[in-house]
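Take a look at the structure set out below.
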Amino acid sequence: MLFNSYEFIFLFLPVCVAGYFVCARYYTLNVAYAFLVLASLFFYAWWKPIYLVLILFSIGFNFAVGRLVSREGRWKKRGVLVFGITVNLALLGYFKYANFFVDNVNAAFGSDWNIETIFLPLAISFFTFQQIAYLVDAWRGKTSEYNFLHYCLFVSFFPQLIAGPIVHHKDILPQFMRGENMSPQWSNFAVGISIFSIGLFKKTVLADSLSSYVGPVFDTDNTAGGVDFFRAWGASLAYTFQLYFDFSGYSDMAIGVARLFGVRLPINFFSPLKSTSMIEMWHRWHMTLSRFLREYLYIALGGNRKGSFRRYVNLLLTMLLGGLWHGAGWPFVVWGGLQGCYLIINHGWRHFMKTLGWNPSLIMGYREFCWGVTFFAWVISFVFFRAPTLERGSQIVQAMLGMSGFEIPAGMVARTGGFGSWLLELGFIAVHGGGAQFVTNYIWVLISAAIVLTLPNVAQIFNRCEPVLYESDRAFSDIRGTHMFSWSYSNRWAFAVALSAVAGILTLQQVSEFLYFQF
């Protein structure tokens, strides 16, 4: 079931919220929790009921391992932890990477080993990482859970089940136990519905509109000809903004739905495309995944404790594995490798500047230059994130670098008179057809860029209402948005939220999955 569907908005969500608070009021809290767990499992089973077996096994297994980790002596705990993580990764590896492994073995050795196509269970990457984090936290003594129903609620809570944000047991479960969250709070409803409406607008109006300019370029068969400079940039920029609006929109909708129950989820996006460095970008993009990779992989590999060289190796390995986590394919490996190299270069540059005692940020225009370099590198890397094959990704990048010619619609050449003739003299090629697509592609890109670069994010808009959980209270210096865009109980904001909701609902005719569901 999709957040951006009539079934969810007008049936499942109202029934689920009403049922939860009715159970909490007239029965026991455990009945309310059980109702929410069953509703969440129904939400998960909507796609493919058979995979309920997998998530129920995962929940039961990790609960049992967590109990053992919390009880045993330290050395036994370590062995139990390793066993638990191994089983989790084995399940993830089988469902997500078995076909990829077999295909590459056959390609390398010319063999004909064949297994049936294994379909990826929905959300397996997210609930596996979430439970690995729980096991490690239990081993470290940061959290524990002895109530199976509570643990089921922690894992299966439907707003964050499918695509995050990735949550920690110690952050989420105590919120359900608060007395004030056992009854409906109209302030939570106002904030939650407002955030959900903004997320819905991002998904259905912005992301889905941009998608029509992405597929025709990225999904074209490699043998069907190349792509020129303008189409390559138009599609790549459209995908960059589509992915941001799609996933940040999902995260906003999840945050809004959870708030209806009085629960604050962790922030997942904080205006990442405004970043002026790749380090800052990864502090603001998919923040719960970044936190997981840092705490449970990068630090486990040694972090920066064993010198600069090992630090850079650990960064590269972390991002390569982060790329593989997103998908079983070589384009994801290349994407992860590029991100790792970007971070190494960024850290190296900072170290070099520190050694010289030079602060280039004082130079006029330096921040704008850094933003441009960061954004350019980000767009290039995400070509491989989207491309179905390395070959197609390489074709598009080459075109973006001007190696495949420059084509402009003949109608634009005719309407620009002497300027059009001058472009043709420079080597531009006039092509017939596609003028409207060309213009609307770049109009949507410009609109998207204006929204991303000038408007505040949800955390800033709703800063007075504590809309999200932060990793630290001072994670960002710009948490507070401008007064003009600070949400309040007013007719102005009621109208704006209603307009967003109506626009989002009116564009639900062609329901599309969220991009991160495939990961």
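Checking the condition in a helix (DSSP H, G or I) and under 29 Å from Leu200 (Cβ atoms), which residue from Val263, Val257 passes? Break it down stepwise before answering.
On the way: Val263 fails: in a helix (DSSP H, G or I).
The unique qualifying residue is Val257.
Residue-wise test of (1) modelled with pLDDT under 95; (2) assigned to a helix (DSSP H, G or I); (3) touching an Asp or Glu at 6+ places or on another chain (Cβ under 6 Å); (4) among the polar types (S, T, N, Q).
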{"position": "Phe201", "(1), (2), (3), (4)": "no, yes, no, no"}
{"position": "Ser209", "(1), (2), (3), (4)": "yes, yes, no, yes"}
{"position": "Val227", "(1), (2), (3), (4)": "yes, no, no, no"}
{"position": "Met253", "(1), (2), (3), (4)": "no, yes, no, no"}
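Return the only residue of Arg259, Arg264 being within 30 Å of Ala24 (Cβ to Cβ), touching a strand residue (DSSP E or B) at 6+ places or on another chain (Cβ under 6 Å) and either modelled with pLDDT under 95 or of a type outside the set (A, V, I, L, M) (or both). So that I can check it myself, show each step before the final result.
Details: Arg259 fails: touching a strand residue (DSSP E or B) at 6+ places or on another chain (Cβ under 6 Å).
One residue alone meets the criteria, Arg264.
How about the range 390-414: which of its residues are outside any helix (DSSP H, G or I) and not hydroxyl-bearing (Ser, Thr, Tyr)?
Restricting attention to the range 390-414, the residues satisfying the condition of being outside any helix (DSSP H, G or I) are 401-409.
Once the filter is applied, which keeps residues that are outside any helix (DSSP H, G or I) and not hydroxyl-bearing (Ser, Thr, Tyr), the range 390-414 yields Leu401, Gly402, Met403, Gly405, Phe406, Glu407, Ile408, Pro409.
Scanning for something surrounded by 19 or more Cβ atoms within 10 Å (Cβ to Cβ) and within 30 Å of Trp186 (Cβ to Cβ), does the range 281-299 turn up at least one residue?
yes
Restricting to the range 352-397, name every residue that is surrounded by fewer than 17 Cβ atoms within 10 Å (Cβ to Cβ) and touching a residue at least 40 places away in the same chain (Cβ under 8 Å).
Arg367, Pro388, Thr389, Leu390, Glu391
Collect the residues in the range 364-399 that are hydrophobic (A, V, I, L, M, F, W, C) and touching a Gly at 6+ places or on another chain (Cβ under 8 Å), keeping them in residue-number order. Write out each step before concluding.
Initial filter on the range 364-399 (hydrophobic (A, V, I, L, M, F, W, C)): 364, 369-371, 373, 375-380, 382-385, 387, 390, 396-397, 399.
Listed by number, the residues that qualify are Val383, Phe384, Ala387, Ala399.
Suppose the filter is under 27 Å from Asn314 (Cβ atoms) and touching a helix residue (DSSP H, G or I) at 6+ places or on another chain (Cβ under 8 Å); does Val373 pass it? So that I can check it myself, show each step before the final result.
Working: under 27 Å from Asn314 (Cβ atoms): yes; touching a helix residue (DSSP H, G or I) at 6+ places or on another chain (Cβ under 8 Å): no.
So Val373 does not fit the description; no.
When the range 166-197 is examined, which residues are found to be in contact with a Phe, Trp or Tyr (Cβ under 9 Å, 6 or more places away or on another chain) and either closer than 25 Å to Trp47 by Cα or outside any helix (DSSP H, G or I) (or both)?
Ile166, Val167, His168, Ser183, Pro184, Phe196
Restricting the search to the range 1-27, which residues are of a type in the set (Gly, Ala, Ser), surrounded by fewer than 18 Cβ atoms within 10 Å (Cβ to Cβ) and modelled with pLDDT under 95? Quick ask: steps written out before the conclusion?
First, the residues of the range 1-27 that are of a type in the set (Gly, Ala, Ser): 5, 18-19, 24.
With the extra rule that they be surrounded by fewer than 18 Cβ atoms within 10 Å (Cβ to Cβ), the set shrinks to 5, 18-19.
Residue satisfying the conditions is Ser5 alone.
Based on what the data block shows, is Ser381 within 23 Å of Leu453 (Cα to Cα), part of a helix (DSSP H, G or I) and small (Gly, Ala, Ser)? Let's see the steps before the verdict.
Working: within 23 Å of Leu453 (Cα to Cα): yes; part of a helix (DSSP H, G or I): yes; small (Gly, Ala, Ser): yes.
Criteria met by Ser381.
The values are calculated or read from the model by the stated rules, or taken from the named source; none is laboratory data. Computed from a predicted structure; not experimentally measured. A quick note on method: Cβ atoms are made from the backbone with ideal geometry, for glycine too, and the neighbour counts reach across all protein chains shown.
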